[in-house]
Amino acid sequence: MCFSATASFVTAAALTPLGLTCVPLARRLGAQRWMPLALTPLLFAAQQALEGVVWLGLGRGASVAELRPVALAYLAFAFALWPIWMPWCALRLGSGRLARWQQRLMRGLWGLGALLGAGLWLPLLLQPGLVNPIVRHGSIDYRAQPIWAGPFSHTALSLLYALIVVVPLFLHPCRRLRWLGAGLTLAFALAQLAYVHAFSSVWCYFSAVLSALVLWILRAEEPQQAG
């Protein structure tokens, strides 16, 4: 499988109209509950557009210093946003539909995601020299790891990250949301096994593609609400 600026920009271009279709659906279903999920494809589109810019810079031989601001913006999504956003989406959707223990677990994962996201990204913001993107085996390796993460293996940190993102989706009573969680889990396994050198980039790319399922989820809910 080959990744490139074209792949990133095409994904961003495809997700943008899809996300714009999701927004009015979420308004009809109940914006307070559904809007965070509906905005997810648009957020992934923005992230993929940023990675497309990184690809273009690497392709023209831009210096690492030139690429760092865009790479940091991309990593703000990859490291900081998603471990907060996905539990938040599940919490909003689960309002009034979750058992107390499920709510507590989701809130705990949301808080843990906020701590992990801040711990992964803020050190990079404070020390941009820790971010050094290169192309390795057809994917982008951002070579971005906070100094504190040294004692922890990549597998341990990425597994914790994945659990924070997918467990809230599996806890939700909406079956199609659980399918999204299953897709993200498979994407995690593939990225971990085959693209560990560029895990952040590859899993985010697969996740962006999977975010197209949000439209499928919303459309399944619309007749139930209308009835």
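Other residues with beta-carbon under 15 Å from the beta-carbon of TRP216 carry, at +1 per Lys or Arg and -1 per Asp or Glu, a net charge of +2.
Of the trypsin sites (Lys or Arg not before Pro) in the stretch 4-95, the ones in a loop by DSSP (not H, G, I, E or B) with at most 11 other beta carbons within 10 Å are ARG60.
Other residues lying with their Cβ under 10 Å from the Cβ of VAL131 contribute a combined charge of +2, Lys and Arg counting +1, Asp and Glu -1. Couplings 3J(HN,Hα) for the stretch 35-47, derived from phi with the Karplus relation 6.51 cos²θ - 1.76 cosθ + 1.60 (θ = phi - 60°), are 4, x, 5, 4, 7, 4, x, 5, 5, 5, 4, 4, 5 Hz, where x marks Gly and Pro.
Normalised by residue number, the volume inside the convex hull of the Cα atoms of the stretch 145-192 is 64 Å³ per residue. In this structure, LEU18 and HIS197 have a Cβ-Cβ separation that, at R0 = 22 Å, corresponds to a calculated FRET efficiency of about 0.15. Our estimate of slack between VAL10 and ALA62, defined as 0.36 nm per intervening residue step minus the Cα-Cα distance, is 16.5 nm.
Take every Cα pair under 8 Å in the stretch 12-164 that's 6+ residues apart, average their separations, divide by the length, and report that relative contact order as a whole percent.
Rounded, it is 21 percent for the stretch 12-164.
With everything on Cα atoms, drop me the angle between helix 100-126 and the longest principal axis of the chain, reported from 0 to 90° to the nearest 10. The angle comes out at about 20 degrees. Translational diffusion of the stretch 7-61, estimated by Stokes-Einstein from the Kirkwood radius over alpha carbon pairs at 37 °C in a medium of 0.692 mPa s, is 277 µm² per second.
The local environment of TRP110, defined by Cβ-Cβ distances under 14 Å, has a net charge of +3 under the rule Lys, Arg +1 and Asp, Glu -1.
Counting protein heavy atoms only, the stretch 23-83 has 66 percent of its accessible area on carbon and sulfur, 1.4 angstrom probe.
Based on DSSP H segments of at least four residues, each scored -39500 (n - 2.57), the chain has a per-residue ellipticity at 222 nm of -26000 deg cm²/dmol. Given R0 = 22 Å, the distance between the Cβ atoms of SER153 and ALA118 translates into a calculated FRET efficiency of 0.60. Rg/Rh, computed from the Cα trace of the stretch 104-200 with Rh as the Kirkwood radius, has the value 1.01.
Computed from Cα atoms, the angle from the helix 82-93 axis to the main principal axis of the chain rounds to 10 degrees.
The values are calculated or read from the model by the stated rules, or taken from the named source; none is laboratory data. Quick caveat, the model's predicted, so the values are computed rather than measured. Because the Cβ atoms are built from the backbone with ideal geometry, glycine has one as well, and the counts that use them run over all protein chains shown. Heads up: the accessible areas ignore ligands, DNA and RNA and are worked out on the full protein's heavy atoms, side chains in. Shrake-Rupley method; radii C 1.70, N 1.55, O 1.52, S 1.80 Å.
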